[in-house]
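Report on the structure given below.
Coordinate-derived values only; no laboratory data. Please read all numbers here as calculations on a predicted model, not as lab measurements. Note that each Cβ is placed from the backbone with ideal geometry, even for glycine, and that neighbours are counted across all protein chains shown.
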Amino acid sequence: MKNKNSLLKSFRCAFSGFSGAVKAERNLRIHLTAAAYVLYFSSFYKLSRAELAVLLVTIGLVVFSELVNTAVESAVDLASPDLHPLAKKAKDTAAGAVLVCAVLAGGVGFVLFWDTERFAYIFRYFTGRFPNALLLLASFCLAWLFIAHKTSKPNQ
């Protein structure tokens with residue numbers, strides 16, 4: 001019985017860490033919002049299972065790197081509350097890892113989605129039907145509110 005509670009507790013801790021990062025980190029909210037739009041717009045393409053798997057792994061890699069960056073920044077802030085060149089180097093390197101993953105994701109997106117005929121179809125889909133355009137605009141407003149939501153970080 002102890003193992004079951006331990007496993008459940010570890011999942012609760014993981015969920016708490018993820019939700020805490022979402023609440024505190026604007027860049028993570030940006031990545032999650034971009035991922036949601038990418039997944040939605042990917043429905044306009046006939047992606048193979050392998051292409052969809054690559055897309056999901058790429059999204060996961062970007063979110064993973066942002067979570068690791070958050071963990072590194074928190075650990076560095078705890079270990080070195082004062083400014084220090086090594087603390088800056090650790091934080092900048094972790095942020096650089098996120099940048100590499102985001103650029104990689106952009107490349108994957110370019111390879112999977114660059115199709116001018118499909119772009120024209122999607123444009124017509126949203127501009128030719130008022131409810132679709134209105135729903136897309138409403139989603140942009142909600143996305144902006146999600147991204148711009150201010151929460152206080154611990155010790156700040």
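Given the options 23, 46, 88, which has the most mean-square fluctuation in a GNM of the chain, springs set between C-alpha atoms less than 10 angstrom apart?
Largest GNM mean-square fluctuation: 46.
When Lys and Arg each count +1 and Asp and Glu each count -1, what net charge do the other residues less than 14 Å away from residue 147, Cβ to Cβ, add up to?
+2
Which entries in 88/150; 23/46; 9/89 show an alpha-carbon gap greater than 28 Å?
23/46; 9/89
Check each of the chymotrypsin sites (Phe, Trp or Tyr not before Pro) in segment 95-156 and keep only those in coil by DSSP with at most 11 other C-beta atoms within 10 angstrom; list them in order.
Passing both the DSSP loop test and the Cβ count: 114.
Relative to the longest principal Cα axis of the chain, at what angle does helix 2-24 sit, 0 to 90 degrees, rounded to 10?
In the chain, helix 2-24 runs at an angle near 70 degrees to the longest axis.
With a ≥ b ≥ c the root eigenvalues of the C-alpha gyration tensor of segment 24-70, is it rounded (a/c under 1.5), prolate (a/b larger than b/c) or oblate?
Here segment 24-70 falls in the oblate category.
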